[in-house]
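Engineer: Take a look at the following structure, please.
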């Protein structure tokens with residue numbers, strides 16, 4: 001009897017294990033044919049990332065998609081997408097085409113944000129042209145900015161003077177203001193995602209809305225603003241509330257912090273809190289400094305035993321943008337009206353006096369150069385209209 005009971009228990013155990021195996025196999029997501037091919041190509045490779053994201057390795061753009069012909073130049077590649085240079089065969093216009101694995105819906109969520117903000121021809125947002133899908137790949141066609149990344153300029157030349165940074169930041173603020181007023185949070189603001197429109201030109205455009213969130217509209221044409229909980233973005237630009245273990249945060253203040261990091265880095269040549277973690281000691285010191293009324297900029301320079309050389313107006317601006325408490329950060333509308341941008345606002349209205357404003361932090365030599373440039377510009381303008 002004991003032997004029969006033992007055999008019965010053994011058979012029941014085998015059936016139970018077989019049932020568990022069938023359940024486990026059913027729960028494992030199946031790879032598509034493209035994924036299996038990519039895994040076979042990556043077999044034996046030492047690149048673990050390639051095997052972790054087989055779809056990205058498989059994406060190889062066609063020679064042509066619609067009226068756009070690929071030139072073979074790779075403009076950039078990330079964990080989820082690659083960007084290629086292409087040219088319109090009808091007009092000769094250069095474009096950048098972002099290629100990523102096709103999503104389940106009719107178009108990627110990035111296209112929803114792009115249609116909201118990047119199809120109206122705003123001068124400081126990389127223009128969205130069209131979206132196509134072919135053979136499991138989404139193609140997002142964008143305007144081509146040949147001037148390169150702002151980050152690369154800082155890498156090549158180091159920290160910039162405040163006059164230059166003010167001009168660049170004015171473009172950044174203008175683009176982000178349009179994005180926020182359209183009900184979109186970017187969530188990946190960084191110097192790599194601000195591009196110069198052309199080589200030699202200083203017009204800056206915002207790009208890459210892959211991590212953005214579009215707030216839903218309610219019947220009275222306003223937006224609903226739910227708390228967000230996704231951890232995303234680049235760590236050196238990420239605010240402390242997004243680094244929490246279970247984050248719940250408002251969207252717009254996240255962009256304000258990241259934009260403050262961009263402006264600080266362009267002027268100083270380093271990140272205020274590089275590669276930070278949730279319990280980073282620098283955040284603790286920032287909280288203590290802000291509680292005691294000490295300037296955030298002064299505290300950050302103190303982390304690295306350096307002396308802050310920013311102008312009082314810039315310090316006042318960044319002290320607000322780099323507040324650890326999100327509710328204390330200014331809105332993008334308030335930033336656009338800040339005194340540090342006063343001369344840029346005058347320039348937008350065609351007032352030449354803006355070039356002479358707010359130069360107290362510049363050396364006498366740079367001021368003389370500025371005056372000479374203005375005189376030369378006025379003389380050349382007079383010469384152009386004289387008979």
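Engineer: Going by the conditions given, is residue 104 without any contact (Cβ under 8 Å) to a residue 12 or more places away in the chain, surrounded by fewer than 17 Cβ atoms within 10 Å (Cβ to Cβ) and farther than 20 Å from residue 71 by Cβ? Please lay out each step first, then the result.
Structural biologist: Numbers: without any contact (Cβ under 8 Å) to a residue 12 or more places away in the chain: yes; surrounded by fewer than 17 Cβ atoms within 10 Å (Cβ to Cβ): yes; farther than 20 Å from residue 71 by Cβ: yes.
Yes: the conditions hold for residue 104.
Engineer: Still on this structure, please answer the following. Can you confirm whether the range 100-109 contains a residue that is at pLDDT 90 or above, within 20 Å of residue 195 (Cβ to Cβ) and not assigned by TED's automatic domain parsing to the domain that holds residue 187?
Structural biologist: Within the range 100-109, one or more residues are at pLDDT 90 or above, within 20 Å of residue 195 (Cβ to Cβ) and not assigned by TED's automatic domain parsing to the domain that holds residue 187.
Engineer: Working only within the range 239-250, note down all residues that are under 22 Å from residue 172 (Cα atoms) and either surrounded by fewer than 21 Cβ atoms within 10 Å (Cβ to Cβ) or not assigned by TED's automatic domain parsing to the domain that holds residue 321 (or both).
Structural biologist: Listed by number, the list holds a single entry, 250.
Engineer: Counting just the residues of the range 193-209 that are over 14 Å from residue 76 (Cα atoms) and modelled with pLDDT of 90 or more, which one comes out surrounded by the fewest Cβ atoms within 10 Å (Cβ to Cβ)?
Structural biologist: So the first thing to find is which residues in the range 193-209 are over 14 Å from residue 76 (Cα atoms), and the list is 196-206, 209.
Imposing the further condition that a residue be modelled with pLDDT of 90 or more reduces the set to 196-197, 203-206, 209.
Numbers: 196: 21, 197: 19, 203: 15, 204: 22, 205: 23, 206: 23, 209: 30.
Among them, the one singled out is 203.
Engineer: Does residue 115 satisfy the criteria of being in a helix (DSSP H, G or I) and out of contact with any helix residue (DSSP H, G or I) (no Cβ under 7 Å at 6 or more places or on another chain)?
Structural biologist: Criteria met by residue 115.
Engineer: So residue 283 passes all but one of these: (1) crowded, with 16+ Cβ neighbours inside 10 Å; (2) modelled with pLDDT of 95 or more; (3) not in a loop (DSSP other than H, G, I, E, B). Which condition number does it fail?
Structural biologist: (2)
Engineer: Only one residue in 109, 63 is surrounded by fewer than 16 Cβ atoms within 10 Å (Cβ to Cβ) and free of Cβ contacts under 8 Å to residues at least 60 places away in the same chain. Which one?
Structural biologist: Numbers: 109 fails: free of Cβ contacts under 8 Å to residues at least 60 places away in the same chain.
Just a single option satisfies the conditions, and that option is 63.
The values are calculated or read from the model by the stated rules, or taken from the named source; none is laboratory data. Computed from a prediction, not measured in an experiment: that's the story for all the values here. Here Cβ is always computed from backbone atoms with ideal geometry, including for glycine, and neighbour counts include all displayed protein chains.
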